[in-house]
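The values are calculated or read from the model by the stated rules, or taken from the named source; none is laboratory data. Note that the structure is predicted; figures quoted are calculated from it, not measured. Don't worry about glycine lacking a Cβ; one is built from the backbone with ideal geometry, like all the others, and counts go over all protein chains shown. With ligands, DNA and RNA removed, areas are computed over all heavy atoms of the protein, side chains included. Shrake-Rupley method; radii C 1.70, N 1.55, O 1.52, S 1.80 Å.
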Amino acid sequence: MRREGRLVPLLHEHARRQPARTAVTQRLPGGRYLETSYAELARKVNLFSGLFRRRLRPGAIIPIYMGKSADCIAAIYGALESGHVFSCLNPKFRGPQISAVLQASNADAALVDGPGLMTLRNSLSDPACEAVRQPEWLLLQGDPPVPLFEKATRELSGSLKIRHFNEPPAEEPSTAADDRHEDAHLPACCLFTSGSTGTPKGVLISRRDLENRTWAEVEWFELGSEDVLLSILPFSFDVGLNQLMTALAIGCELVLADSWLPADILDTAAARRVSGISGVPSIWQDMLRVQARFDTAGKHKSLRYITVSGGSLPSRQLLELPGLAPGVAIFKTYGQTEAFRAASLRPSEFSTKSESVGRAFTGVRLYVVNESGRPCAPGEIGEIVHSGLGVMTGYLQSADTALKLRPNPFFSAADSHPLAVFTGDYGCIDDDGYLFLRGRHDTMLKISGNRVYPEEITRQLLAIPGVAMAEVVGVRDDSGESHLAAFASLAKGAALSEAEIQRSLAARLPSYMAPRRVLLLEEMPRTASGKPDKQELLALARRSVNL
Amino acid sequence: MALTRDKLMDYLNRKLGIDVSEIDDDTLLYSSGMADSFSMVDMLIFIESEAGFKLDPTDVTLDNLDSVGRILNFVNARNGGQSA
């Protein structure tokens, strides 16, 4: 089995060697599954790359605002093949985030599906979402077409530039399946993630890094073409994206499922004989809470490994985790969009170091530095610094880059990477080289694996007419999960209810950013210096979110 | 207690931002992408608080909750069995 190589030529190679092998399986309503073979997927990739080459300027960013499907995957690989930059957007994004993405990426064209179009329609009346009118929207209609989406398309045709993505006629020349000439240092991908400035930030990832991180994961998880991987995370999330890349690099089957309900995960894993699942803590927490369990001696005997990625579990649940899937290997991983997979804990280390996120991932150098930039002693807490594999090439808006991506202070013969990511995460490394996370010094929260800056929610609260002041805080419950509480005070004469504010926010924010409670206050509590009194707000929040 | 269509519609609009004037009992909510699966746990909490009983979590699938009609059927079937 090859353990290296460029991602798109390899996909075409799999299509030649194992044309009928299932590449992508999508779980449909009613427990049915739609399979797409390697040959069919490769054919679709060519259609997309041809379209992108004909219609887009070289190197353009292509926002992909749609749910996971074989078409979505073909578009991603099509962009890789045509030398464009794909940008999988979180399907939960709403008008304001989409607008910010379109402005930042200056996209001429973007891909969208029916549900995405419905969301765009809801944001048309919002002047802050003007940028959704900017690109040509290439619409991928489902099969069979959904009347609701067709109606939305008709209604929108006057306001948005919509073009149906139709397969070109057969005589149209197909494109060469070879990206050999592409510069490996150019960006392949732009992932948008929550930013402290209140709008999503675009993180650029080079072609070479995307490829190397794929092969590093193949090696860690010991993937082979007989594997069947369950994809429950979105492609807009680096962990979900890398799982896709590894599956198609190794030539195995990827099963797409959107439901995080324990019963659905158990059912899909059994029905498709799944061998590996990449998950975030809240997925496993939900399963533990309802005492769901993989039957690894019976219908889940194909299950080989699971991952705990994008956040941590409290100690008690870490100890319960092996009971969820007896005999199954558990990988813990830690990273950021800007610094993919800094560390990973191998299954054999889980029993002795379960609280750790492990040691540096393949090709990564990890450091913990104190405030003066000096390396910390073992056990001493400082900021985590990451160089090597997984380091972004920069933010799309370059002004932010200099803070996060700095000259590598440990640049030497042993670490020849000129740049390092200062993660903003705090932690310590023990005598054995294992990394332990100890929180952050800024306001970033993790909600079900999603990174959330309360500033993004505050910004959308303030965009609601009638809201004069707004603050958002996160409260952690016993299981370590954060819940958001929002506080608003109204402008004079404004009459808004808490429910109305919640409704407005639901239309403006991804669901994981929607506060659990919105509280109206006559006046914001202030500290002596006049700043919002976060401690007072936190106390109010704790009482109101009923933890 | 019972989960009514009106309360469910209000929830879909208020918490999920769905324009309820456009959907009927058979419109697929989750598998169409109108509602995202992330919000499903919140939906379960809502259903339990309205219906006044606990759902068996190993029993709940996306298919059970994928449309207004299915949610009402699912809840009423269980309600009939438990508190009639």
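Which of the helices (runs of 4 or more DSSP H) found entirely inside segment A:238-355 contain at least 1 residues meeting this: within 23 Å of the chain's Cα centre (by Cα) and under 25 Å from residue A:5 (Cα atoms)?
Output list reads A:238-250.
Could you say whether any residue in segment A:212-222 is open to solvent by less than 10 Å² (accessible area, probe 1.4 Å) and either of a type in the set (Lys, Arg) or in contact with a Pro (Cβ under 8 Å, 6 or more places away or on another chain) (or both)?
Scanning segment A:212-222, I find at least one residue that is open to solvent by less than 10 Å² (accessible area, probe 1.4 Å) and either of a type in the set (Lys, Arg) or in contact with a Pro (Cβ under 8 Å, 6 or more places away or on another chain) (or both), so the answer is yes.
If I ask for residues that are among the basic types (Lys, Arg) and more than 14 Å from chain B (Cβ to nearest Cβ), which ones from segment A:95-140 would you list?
If the condition is that a residue be among the basic types (Lys, Arg) and more than 14 Å from chain B (Cβ to nearest Cβ), then A:133 is the only one that fits.
So which residues in segment A:318-338 are in contact with a helix residue (DSSP H, G or I) (Cβ under 9 Å, 6 or more places away or on another chain) and either surrounded by 24 or more Cβ atoms within 10 Å (Cβ to Cβ) or within 30 Å of residue A:403 (Cα to Cα) (or both), if there are any at all?
A:332, A:333, A:335, A:336, A:337, A:338, listed by residue number.
With the requirement that a residue be part of a loop (DSSP other than H, G, I, E, B) and either closer than 18 Å to residue A:212 by Cβ or open to solvent by 50 Å² or more (accessible area, probe 1.4 Å) (or both), what does segment A:380-403 give you?
A:380, A:381, A:389, A:390, A:392, A:393, A:397
I'm trying to understand the selection: among the residues of segment A:11-44, which are within 14 Å of another protein chain (Cβ to nearest Cβ) and among the basic types (Lys, Arg)?
A:27, A:32
Just give me the residues in segment A:131-153 being assigned to a helix (DSSP H, G or I), modelled with pLDDT of 90 or more and open to solvent by 30 Å² or more (accessible area, probe 1.4 Å), in sequence order.
Once the filter is applied, which keeps residues that are assigned to a helix (DSSP H, G or I), modelled with pLDDT of 90 or more and open to solvent by 30 Å² or more (accessible area, probe 1.4 Å), segment A:131-153 yields only A:133.
Among the candidates B:76, B:13, which residue alone is part of a helix (DSSP H, G or I) and within 11 Å of chain A (Cβ to nearest Cβ)?
After applying the criteria, what remains is B:13.
Part of a helix (DSSP H, G or I), over 22 Å from residue A:122 (Cα atoms), away from every other protein chain (no Cβ under 11 Å) and under 10 Å from the mean Cα position of the chain (by Cα) - does that describe any residue in segment B:35-46?
Yes, segment B:35-46 contains at least one residue that is part of a helix (DSSP H, G or I), over 22 Å from residue A:122 (Cα atoms), away from every other protein chain (no Cβ under 11 Å) and under 10 Å from the mean Cα position of the chain (by Cα).
Given the options A:226, A:211, name the one that is assigned to a loop (DSSP other than H, G, I, E, B), under 21 Å from residue A:11 (Cα atoms) and more than 14 Å from chain B (Cβ to nearest Cβ).
Answer to the check: A:226.
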